[in-house]
Amino acid sequence: MNKVTLQGPVWLASDVHLGPATPATAEAFLGFLDAAADEAAALLLPGDIFDAWIGDDVIKIAPPWLAAALQGLQRTAARIPLWLGRGNRDFLMGADLANALGAQLLPEPALLETDFGRILLTHGDEYCTDDAAYQQFRTMVRNPQWQAQFLAKTIPERMAMAQQARGESQSANQMKSAEIMDVNAQAIEQAFREADIDILVHGHTHRPARHVLEVDGRRRERWVLPDWECDHANPPRGGWLVIDRDGITPYDLDIA
Ligand code: LP5
Ligand code: MN
């Protein structure tokens, strides 16, 4: 398992889902990035920072909303180490984007060595094993050959496919139970067991919480990162975790 060694306070946020129609979320996120650069020793963004990422070449023709987000990420990476993880919407983020931002790509999963000990970090969609249709989709789009074929298409073709996939996903989700779209308990236990860790942090489910459980007689904690939605949700929402030598602390956006 790939280790990431981090000293000092580590900030983590995921599921911001930035896109062309999320100006308020983007504004809140840019403010968060500046605060992280001021106060954190490192910032980790484990997936779904973008609502849909169709390939790193989009940065060459970035529309204003995307250019502003990229500039914010680049500004942060110039001040503190910035780590980008891939989610089910932005699994096509790659080395070209990371290099352009001055960021690094998180291993999947990442075994963090922090001031508060060893922590397993991942986006979390891989744990939704009851959702067979999604896991089948995930196997397809995570396949390097599939990705090479997709990335060989034009940007307009890829945008159209992404739009169709988003539509199909939204329709499919309406037919699924909430349980199916959450993590599977056995998959979580297996993650703790395989990594031999006591703390797991992930996003994806948009069900922020701290779960305490026992696996093989050991107390474990599973932390779920919140999603960000400041454009349509009332009240607006967003948040992050801070990991430091005193432990893990959740923070919510201070929506004045
Ligand atoms: O994303 P969300 O929150 O709606 O639901 C997710 C799972 N769905 C996905 C699919 C993505 O939304 C698709 C968009 C990705 C954008 C960028 C990638 C580049 C384009 C790729 C083009 C193929 O992740 C959803 C889970 C849910 O989380 C909860 O865990 O249930 O899983 C599904 O909905 C899977 C569906 O059941 C079946 C797959 C739908 C997509 C089919 C695409 C067909 C190809 C179309 C192009 C010709
Ligand atoms: Mn996700």
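3J(HN,Hα) along the stretch 222-236, derived from phi through the Karplus expression 6.51 cos²θ - 1.76 cosθ + 1.60 where θ = phi - 60°, amounts to 10, 9, 10, 6, x, 8, 10, 8, 10, 9, 10, 7, 10, x, x Hz, with x in place of Gly and Pro. With θ taken as phi - 60° and the Karplus curve 6.51 cos²θ - 1.76 cosθ + 1.60 applied, the whole-hertz 3J(HN,Hα) list for the stretch 240-253 is 7, 10, 10, 10, 9, 5, 8, x, 10, 10, x, 10, 9, 4 Hz, x standing for glycine and proline.
If one puts a single equal scatterer on every Cα of the chain and applies the Debye formula without solvent, what log₁₀ I(q)/I(0) results at q = 0.15, 0.18 Å⁻¹? These q points yield log10 I(q)/I(0) values of -1.14, -1.67.
Farthest toward the dipole's positive end in the chain, which of Ala165, Met1, Gln147, given Cβ charges of +1 (Lys, Arg) and -1 (Asp, Glu) about the Cα centre? Looking along the dipole axis, the top candidate is Gln147.
For the stretch 1-151, evaluate the Debye formula with one uniform point scatterer on each Cα (no solvent term) and list log10 I(q)/I(0) at q = 0.09, 0.14 Å⁻¹, rounded to two decimals. Those come out to -0.28, -0.69, one per q.
Using only the Cα atoms of the stretch 111-256, build the gyration tensor, take square roots of its eigenvalues as a ≥ b ≥ c, and label the shape rounded, prolate or oblate: rounded if a/c is under 1.5, else prolate if a/b is larger than b/c, else oblate. Since a/c reaches 1.5 and a/b is larger than b/c, the shape of the stretch 111-256 is classed as prolate. Heavy atoms of the protein chains alone define the surface here; on that basis the chain has 48 Å² accessible area per residue at 1.4 Å probe size. Averaging the Cα positions of each part gives two centres, and for the stretch 38-59 and the stretch 185-237 these lie 20 Å apart. Counting only Cα atoms, the size of the stretch 75-178 along its three principal axes is 43, 35, 24 Å, in decreasing order.
Just to confirm a number: summing +1 for Lys and Arg and -1 for Asp and Glu over residues other than Leu45 whose beta-carbon lies under 11 angstrom from that of Leu45, what do you get? Mind showing how you got there, number by number?
Working: positive: Arg86; negative: Asp15, Asp48, Asp90.
Spelling it out: positives minus negatives among the neighbours equals -2.
Per-residue surface analysis assigns Asp216 an accessible area of about 100 Å², computed on protein heavy atoms at 1.4 Å probe radius.
In order along the stretch 121-126, the phi-based Karplus estimate (6.51 cos²θ - 1.76 cosθ + 1.60, θ = phi - 60°) of 3J(HN,Hα) comes to 10, 7, 5, x, 5, 5 Hz; Gly and Pro are listed as x.
Under 5 Å from the amide H of Arg220 lie the amide H atoms of Leu213, Glu214, Val215, each residue being 5 or more positions distant or on a separate chain, with H modelled from the backbone and absent for Pro and chain starts.
The values are calculated or read from the model by the stated rules, or taken from the named source; none is laboratory data. Just so it is clear, the model here is predicted, and its values are computed rather than measured. Every residue, glycine as well, gets a Cβ built from its backbone with ideal geometry; the counts of neighbours run over all protein chains shown. Each accessible area value is taken on the protein alone, full model and side chains, heavy atoms only, with ligands, DNA and RNA left out. Shrake-Rupley method; radii C 1.70, N 1.55, O 1.52, S 1.80 Å.
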